[in-house]
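Undergrad: Dumping the structure here so I can ask a few things about it.
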Amino acid sequence: MIELKERVFSGVQPTGDLTLGNYLGAITRFVEMQKSHECIYCVVDMHAITQWQDPAELSRAIRLVTAAFIASGIDPAAHIVFNQSQVAEHAELAWVFNCVARLGWLNRMTQFKEKAGKNRENASVGLYAYPSLMAADILVYRATHVPVGEDQKQHLELTRDIAQKFNNDFAPRLKELGYPDGFFPLAEPLITGPATRVMSLRDGTKKMSKSDPSDLSRINLTDDSDTIAKKIRKAKTDPEPLPSEIEGLKERPEADNLVGIFAALKGEPVADTLKTYGGAQFSGFKQDLADLTVEALQPVSSEMARLMADPGHIDEILRDGAARARVLAAPIMDEVKKIVGFVR
Ligand code: AQP
């Protein structure tokens, strides 16, 4: 019998340069969780290939996400940092979960609908089955807490449904094997912090995303100061001055987004930002927002550049993390095989 321990797992896809959304919504949370939990942070490269990736660009992006983790303050010695494809147990468990998850559940996933777009018939089977692999990523460590941005809420709910169904389907067997309360935990999503959904700079109703065709829609962690200032200057706004109260941000998605980013970077409540800027025009506010963004991201991007200059060192960190991740995943996967009834 394997004891259940509190454990944090989360992942980021190497599908391009990381955005301010990834940073505020996920990575800053990852850093914080290190203080209280054993953490496993994964560069989910198998998720990335659910949509076409140029091989050389994929390798670069895997290293870049790793560099972003470390430059932001994730400690790969005290915790685990690795890329998913180096731990085969993720794919093994995903297959079992493909057989637990129901078609009807996957049909409801909004991310698949958004990413597949109109040409659904041409989407990869991997893109459709993405949530089973995500459930496996988390549960192959029997992780109990998952810090994510708001957009991943539905996938996390599916992970809980898969865990619950597995526990129910195999309940008598689990009792026999010493797991009367089920084998997989119902992992808790941690959708917390000041910026769980950062929106596009070109459209305040759309999520900021690293794969958005418009580079002006996002701040990349690798953008230099001039690019950041230009993108913020060009960010869509409305003609009204900034409101003094939170209610005044309703129906103003672009203003809401920029104020939210400012408050998150400053580490203050939105109400305080509005106290300072209520009645002001966007031009002055945008200048201050650009300065604040550069100040917050500059140390991260310069450390990323330093790390990227030595890809061999990054690869070593990933190999070491993968070896330690395997030590945790292998016995859990073995137990799953026993539960399912595979002869070993
Ligand atoms: N705009 C966002 N605001 C807050 N959090 C966000 N996250 C992503 N975008 C925002 C969170 O970042 C973590 C890693 O995301 P991912 O790379 O695994 O995939 P994603 O959610 O699909 O992010 P992107 O940037 O939109 O990637 P592409 O364009 O490749 O699909 C997750 O915790 C996510 O919630």
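The values are calculated or read from the model by the stated rules, or taken from the named source; none is laboratory data. The model shown is predicted, which means the values in this text are computed figures rather than measured ones. Here the Cβ positions follow ideal geometry from the backbone for every residue, glycine too, while neighbour counts run over all protein chains shown. Side chains are part of the model used for accessible areas, which takes the heavy atoms of the whole protein and leaves out ligands, DNA and RNA. Shrake-Rupley method; radii C 1.70, N 1.55, O 1.52, S 1.80 Å.
Undergrad: Would you list, by chain and number, the lysines whose Cα falls below 23 Å from the Cα of K231, excluding same-chain residues fewer than 8 positions away?
TA: The qualifying lysines are K206, K207, K210, K266, K286.
Undergrad: If you don't mind, there's one more thing I want to ask. Taking the Cα centre of each part, how many Å lie between segment 1-77 and segment 196-222?
TA: First find each Cα centre; the distance between them is then 19 Å.
Undergrad: So what are the ³J(HN,Hα) numbers for segment 320-330, from phi and the Karplus equation (6.51, -1.76, 1.60; θ = phi - 60°), rounded to whole Hz, Gly and Pro as x?
TA: 5, x, 5, 4, 6, 5, 4, 4, 7, 6, 4
Undergrad: OK, next. Tell me, Kirkwood radius of segment 1-94 from alpha-carbon pair distances, in Å?
TA: 14.0
Undergrad: Report the convex hull volume per residue for segment 72-171, counting only C-alpha atoms, in Å³. Write down the numbers at each step before the final one.
TA: Numbers: hull volume 13.2 nm³, N = 100.
Taking the convex hull of the Cα positions in segment 72-171, it is 132 Å³ per residue.
Undergrad: Please give the per residue accessible area of the chain, computed with a probe of 1.4 Å over protein heavy atoms only, in Å².
TA: Details: 15770 Å² over 344 residues.
For the chain, the solvent-accessible area averages 46 Å² per residue.
Undergrad: What is the ratio of the Cα radius of gyration of segment 1-51 to 2.2 N^0.38 Å, where N is its residue count, to two decimals?
TA: Normalised Cα radius of gyration, segment 1-51: 1.35.
Undergrad: In square nanometres, what is the average projected area of the Cα convex hull of segment 212-344?
TA: For the Cα atoms of segment 212-344, the hull's average projected area reads 13.5 nm².
Undergrad: Can I ask one more? Relative to the first principal axis of the alpha-carbon coordinates of the chain, what is the inclination of helix 253-266, with its axis defined by its Cα atoms, in degrees from 0 to 90 and to the nearest 10?
TA: 80
Undergrad: Report the extension gain between R233 and L186 in nm, rounded to one decimal, defined as 0.36 nm multiplied by the number of residues separating them, less their alpha carbon distance.
TA: Answer, rounded to one decimal: 12.6 nm.
Undergrad: Another question about this same structure. Give a quick list of trypsin sites (Lys or Arg not before Pro) in segment 118-171 that DSSP marks as loop, anything other than H, G, I, E or B, with at most 16 other Cβ atoms within 10 Å. Numbers along the way, then the final one.
TA: On the way: sites: K118, R120, R142, K153, R160, K165; in loops: K118, R142.
Counting only loop positions with at most 16 other Cβ atoms within 10 Å, the trypsin sites (Lys or Arg not before Pro) in segment 118-171 are K118.
Undergrad: Then there's this: Quick one: 3J(HN,Hα) in Hz for segment 135-151, Karplus 6.51/-1.76/1.60 with θ = phi - 60°, rounded, Gly and Pro as x.
TA: Whole-Hz 3J(HN,Hα) from phi for segment 135-151: 4, 5, 3, 6, 7, 5, 10, 6, 5, 9, 9, 9, x, 8, x, 3, 5.
Undergrad: According to the Kirkwood expression over distinct Cα-Cα pairs, how big is the hydrodynamic radius of segment 207-262, in Å?
TA: Mean inverse Cα-Cα distance, inverted, gives 12.5 Å.
Undergrad: Which percent of the accessible area of segment 88-176 is formed by carbon and sulfur heavy atoms (probe 1.4 angstrom)?
TA: 52
Undergrad: Whole-Hz ³J(HN,Hα) for each residue in segment 337-343, computed from phi via Karplus 6.51 cos²θ - 1.76 cosθ + 1.60 with θ = phi - 60°, x for glycine and proline: what do you get?
TA: 4, 5, 4, 5, x, 5, 7
Undergrad: In addition: With all protein chains present, calculate the accessible area of D181 using a 1.4 Å probe and round the result to the nearest 10 Å².
TA: Roughly 150 Å² of D181 is accessible to a 1.4 Å probe.
Undergrad: A further question on this structure: Given the whole protein assembly as supplied and a 1.4 Å probe, what does the accessible area of Y179 come to in Å², nearest 10?
TA: 10
Undergrad: Moving on to the next point. What is the antiparallel percent of DSSP beta bridges lying wholly in the chain, to the nearest 5?
TA: Percentage antiparallel, nearest 5: 15.
Undergrad: Taking the Cα atoms of the chain, what is the range of coordinates along each of the three principal axes, in descending order and whole Å?
TA: Principal extents (Cα only, largest first): 68, 43, 42 Å.
Undergrad: If you count only protein heavy atoms and use a 1.4 Å probe, how large is the accessible surface of L177, to the nearest 10 Å²?
TA: 50
Undergrad: E247 to Q298: FRET efficiency via 1/(1 + (r/R0)^6), r the Cβ-Cβ distance, R0 30 Å, to the nearest 0.05?
TA: 0.30
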